[in-house]
1. Can you tell me which residue is surrounded by the most Cβ atoms within 10 Å (Cβ to Cβ) among those in segment 354-372 that are within 17 Å of residue 392 (Cβ to Cβ) and in contact with a Gly (Cβ under 9 Å, 6 or more places away or on another chain)?
2. Taking residue 450 as the residue in question, decide whether it is hydroxyl-bearing (Ser, Thr, Tyr), over 25 Å from residue 495 (Cβ atoms) and assigned to a loop (DSSP other than H, G, I, E, B).
3. Considering each of 325, 410 in turn, give the residue that is crowded, with 21+ Cβ neighbours inside 10 Å, in contact (Cβ under 8 Å) with a residue 24 or more places away in the chain and either in the same structural domain as residue 429 (by TED's automatic domain parsing) or small (Gly, Ala, Ser) (or both).
4. Among the residues that make up segment 212-222, is at least one of them within 30 Å of residue 456 (Cα to Cα), at pLDDT below 95, over 16 Å from the mean Cα position of the chain (by Cα) and among the polar types (S, T, N, Q)?
5. Pick from segment 252-276 the residues that are without any contact (Cβ under 8 Å) to a residue 12 or more places away in the chain and not acidic (Asp, Glu): which of them is nearest to residue 300 (Cα to Cα)?
6. Being in a strand (DSSP E or B), surrounded by fewer than 24 Cβ atoms within 10 Å (Cβ to Cβ), in the same structural domain as residue 306 (by TED's automatic domain parsing) and among the charged types (D, E, K, R) is true for just one of 86, 56. Which residue is that?
7. Restricting segment 289-314 to residues that are more than 22 Å from residue 250 (Cα to Cα) and in contact with a helix residue (DSSP H, G or I) (Cβ under 8 Å, 6 or more places away or on another chain), which is surrounded by the fewest Cβ atoms within 10 Å (Cβ to Cβ)?
8. Give the residues of segment 253-288 that are closer than 20 Å to residue 222 by Cα, among the hydroxyl-bearing types (Ser, Thr, Tyr) and crowded, with 18+ Cβ neighbours inside 10 Å, sorted by residue number.
Amino acid sequence: MNHKKIYISALFTLLLVGCRQGQTTSKPPVSSEPPIVNSSEEPTSFIPGERKGTRKLEFFGINDFHGAIIESDSEPGIFKIASYLKSRYATNVGGTLFLNAGDYWQGSADSNINRGAFLTRAMNELSLDAMTLGNHEFDWFDTAIMNNKALANYPFLGANILKKDTNELATNLVHYDPTFQASTIVTKNDVRVGIVGTIGPHLESSILATAVAPYSFEPVESYIRNEVTNLREKGADVIALVVHDSLAGAVGSYTNILNDKLVDLVFSGHAHTEDNQMYNGIPILQTNGNGKQIMEVEATYNFDLQSFTVNETNIVEGSYIKGAFTEDIATRTLFSEYEAQINSVKNEVVGTLTSSISKNGLANLANKMMYEYAVGEGYPNVVAVHNTGGVRVYNIPAGEVTYGDIYKAFPFDNEVMLIENVLGSTLKGYISFHPSYPLSPQAIVDQDLYTVVTIDYISFGKYSNLANVPQIHSGEYVRELIAQHFRDYREVDGASY
C-alpha cells in the first residue's frame, strides 16, 4: 500500500517520495510494505478526547548530535533539521513525538562555549518530548547538566543514574515526579505514550573519572521493568524506550526487555552506528550521529484492539534535509543571542595547513605538543600519551585553519597532567593501545624512570594503572597548545604527523 505525503515548509511545499520500510533514505519515505503488526486500518477521523478507533503517531529521534549546530559538508545543522521537523509536525498536528538519545551538547565551539545552553533551548523550540542523558553530558561535570535542566521545558531522563552517597535516583540531574517516577507520559492524538530513558551502565568508563565520581550507572533491566510497570499502571498505551547505549549487532542487556515485549520501540545511541532493525516486532533505531540522519517510526494505535502497529521505520539522510529545506528562522534567531561570543573565539585564523592532517596525525600532533610543553617546563625523560578517541574529526583539510577547526577536533576539556618517576614497565602498561611520543613501547626501558605527560581522561580513567599516583595539574589543554603552535609557526605540514 503506497502512501503519498505532503510536507509543508515555511517557505515552500514539497511532494516527497522515498524508500521502503527498513531502509535508509535520502528522500522522504513511502512504504510499499505491509504493516509489521497485523492491522491495515487507517487512522480515522475522530472527536478529540474520544478514545475510540485508531490514531496516527509519528516518532522522530536524534542521537549523538555532539554540538553539530552549523551546516557543513556532511552535517545539515540544527537550523535545517528544525525546518524539517516542523514541516513534519504540520502534517500530523498533535500526533508527533520528538526524542533525544543523548550526547547532545558536547562537540563544537558553537555549543561548548555556551555549555549547551543554546541547544537546550533549541529543543524547547522544537517541542522535544524527552532527552536521555549520555556520557558526554557529564563532560562539564554535573553543574552543566543542572544548569541546562533548568533551561529545558522537557525532562532529562536516566532512570538508572544513581547518587553513590544515597544509592537513590540522581534527581538533581534527571526527572522524577511521584506519579510517573523517573519517566514521563505525553498524550498525542489521545494516545498516552510513556517514555523511559536509561544510559548504558558500562559508560561510566567513557567519562572523565572525576566528573562522574558522585554517580553510578546501574544495570538497566530492573530499572526499565519498574518504570514500564508504573507507566502501564498510570495508563500508558504505548512505551518508547530511549537509551544512550547501542543495540546494533547485539541487544545484550535489553534481551529480556525485548523478548517480553515490554516496550514498543527503541531509539538508541552512543555507537554512532546506523541501525534500523526489528527485534521481536519492536523497531530499534540509531543514526551515525552529528545530525547526519534522523530516526523515524510511523505507527497507529487502535483503541478498540489496544494494539500498536508499526507501519514504517526510516533513517532519513541529512543530505536530503540539506537540499530540500531552508534554515528555520526561529531557531536561527535564538542562536543570534550567542553568535557574537562564539564567533569572536572560533573564527580566529590561527594558521595554515600545507597538507591535510588525518585523525591519527592529529593524535600524534597532540602528543608532540604535550611533549614540547613538558620539556619546556624542565621535566626529564618525557613521554607523551594521548588517546586517538579524543580526536573527534576524521581530518582537517589543507588550507586556512581556524580555532574553531581545532576546537571541533579536540572538543573535550581534558587537562594536561604530568606524572613523575614512572617506571618504564609501568609506563608500558599505561600506554596500552594509545599512541605515544617520542618513544614507542618497544623503546621504553623497564627499569628507567620517565615523566609522563598525558590527559586527565586517560590518567584518571578506569583502566589507568596510574590513577592513584600523584599527578601534577598543568592548567593547560591540548587544543590550546595546538592552537598556539599554529599561531607561532603559521604554516604546519599535516603530512609530517
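1. Only one residue tops the list, namely 366.
2. Values: hydroxyl-bearing (Ser, Thr, Tyr): yes; over 25 Å from residue 495 (Cβ atoms): yes; assigned to a loop (DSSP other than H, G, I, E, B): no.
No, not satisfied.
3. None of the other options fit; the residue is 410.
4. Scanning segment 212-222 turns up no residue that is within 30 Å of residue 456 (Cα to Cα), at pLDDT below 95, over 16 Å from the mean Cα position of the chain (by Cα) and among the polar types (S, T, N, Q).
5. Kept after step one, since they are without any contact (Cβ under 8 Å) to a residue 12 or more places away in the chain, are these residues of segment 252-276: 252, 255, 260.
In the following step, the residues that additionally are not acidic (Asp, Glu) were identified as 252, 255.
Working: 252: 28, 255: 25 Å.
For segment 252-276, the residue satisfying everything is 255.
6. Values: 86 fails: in a strand (DSSP E or B).
The match here is 56.
7. Per the criteria, the residue is 292.
8. Selection gives 253, 254, 268.
The values are calculated or read from the model by the stated rules, or taken from the named source; none is laboratory data. Fair warning: this is a prediction, and the values are worked out from it, not measured in the lab. Cβ atoms come from the backbone with ideal geometry, glycine included; neighbour counts cover every protein chain shown.
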